[in-house]
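Please read the structure below before turning to the comments.
The values are calculated or read from the model by the stated rules, or taken from the named source; none is laboratory data. All values reported here derive from a predicted model rather than from experimental measurement. Backbone-built Cβ (ideal geometry, glycine too); neighbour counts: all protein chains shown. For accessibility, only protein heavy atoms count, side chains too; no ligands or nucleic acids. Shrake-Rupley method; radii C 1.70, N 1.55, O 1.52, S 1.80 Å.
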Amino acid sequence: MAAAEAAEVSSSLKTDPVLVPDTAKTAAAATAANASATAAAAGVAAAARSGSEARVSKAALATKLLSLSGVFAVHKPKGPTSAELLNRLKEKLLAEAGMPSPEWTKRKKQTLKIGHGGTLDSAARGVLVVGIGRGTKMLTSMLSGSKRYIAIGELGKATDTLDSTGKVTEEKPYDKITQEDIEGILQKFTGNIMQVPPLYSALKKDGQRLSTLMKRGEVVEAKPARPVTVYNLSLQKFQPPFFTLDVECGGGFYIRSLVSDIGKELSSCANVLELTRTKQGPFTLEEHALPEDKWTIDDIAQSLEHCSSLLPAELALKKSKPEEPNEHVLSCEYITLNETKGEDDVIKTV
């Protein structure tokens, strides 16, 4: 009987909606409203759980980020300066950890220290060594350590910056220069030699970079020649006007000055067309330099663990005492440490 009545009501709903009692409409509306409210409540609860989990996850990432210490390497592309790349790295890490955030302002002083140990020109690419946490104290040793470069020089043109980004200041013939000519003079630039650094550099005069003064159009005198070391220097390829050098050198050495000096020695002139740092200290471009898509807290933590075995024992990080509680906003500060040689390589700590 009940089934027959249900069928009759169903039939009535399909053929004549006017026959549906008002009480049935009210009940149906109430049921729908309750279902909607229940779904909404469930959604709010799920969102709350999700938000809470996200906050916990961000807090864990922030803690992990601030605990990172050591030295690793990143791959610097052509275009940005080393300082700009370091800022990009810092911003990606802070964004991933959700820092700075309100909850962190109530905790003890938190300072993210991150810096690089060897400037690469904006037009250059390759290995950029980075220190994080207490690893920033190890960067000075990176400045004086050996570096390896692949440089492509262009004969017949001199520029004010000694590379392809500058204005051409001189042009000379190069058609009579042979591969044997270049190979024959490389010995003069190997070992302990004297080198005049370029005017466009991070070397300073009265507290300002020479490159900054040059860009302003101010008259700048060249710095005196200084002692530098070239461990190995070889010609890899010669296809006039281009020649490719493989250079292993110590701190304070300028590849741009080397290429320019080679051009002069050949009774011509030359500038750097392409420059790639393939190695710095134990870090190589192929094995250790993290590309930008690997600039994550977890990837850097893994890299730090792997790279710690590459460093000399005397550079091993010692455990530091925990900091005393001190309420302070997360700070990001700039500290600049200049190498005693006045190298273009400047440690930036953020």
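Taken over the stretch 110-160, the convex hull of the Cα atoms encloses 115 Å³ per residue. Accessible surface for Y254 stands near 10 Å², nearest 10, in the context of the full protein assembly shown (1.4 Å probe). When nucleic acids and ligands are ignored and a 1.4 Å probe is applied, M194 ends up with an accessible area of around 120 Å².
Amide H contacts of G126 (H built 1.01 Å from N, in plane; Pro and chain starts excluded): K76, R277 sit under 5 Å, all sequence-distant by 5 or more or on other chains. For the modelled label position 7 Å from the Cα of D298 along Cα-to-Cβ, which residues of the stretch 67-94 have backbone nitrogen atoms closer than 18 Å? Flagged as within label range: 67-68, 92-94. Taking each of K64/K294; K78/K113; K147/K167; K188/K264; K76/K172; K78/K294 in turn, the alpha-carbon distance tops 22 angstrom for K78/K113; K147/K167; K76/K172. With R₀ set to 41 Å, the beta-carbon distance separating S67 from D246 gives a calculated FRET efficiency near 0.55.
How much FRET efficiency would the formula 1/(1 + (r/R0)^6) give for S267 and E84, where r is the Cβ-Cβ distance and R0 is 56 Å, rounded to 0.05? Computed FRET efficiency for S267 and E84 comes out at 0.90.
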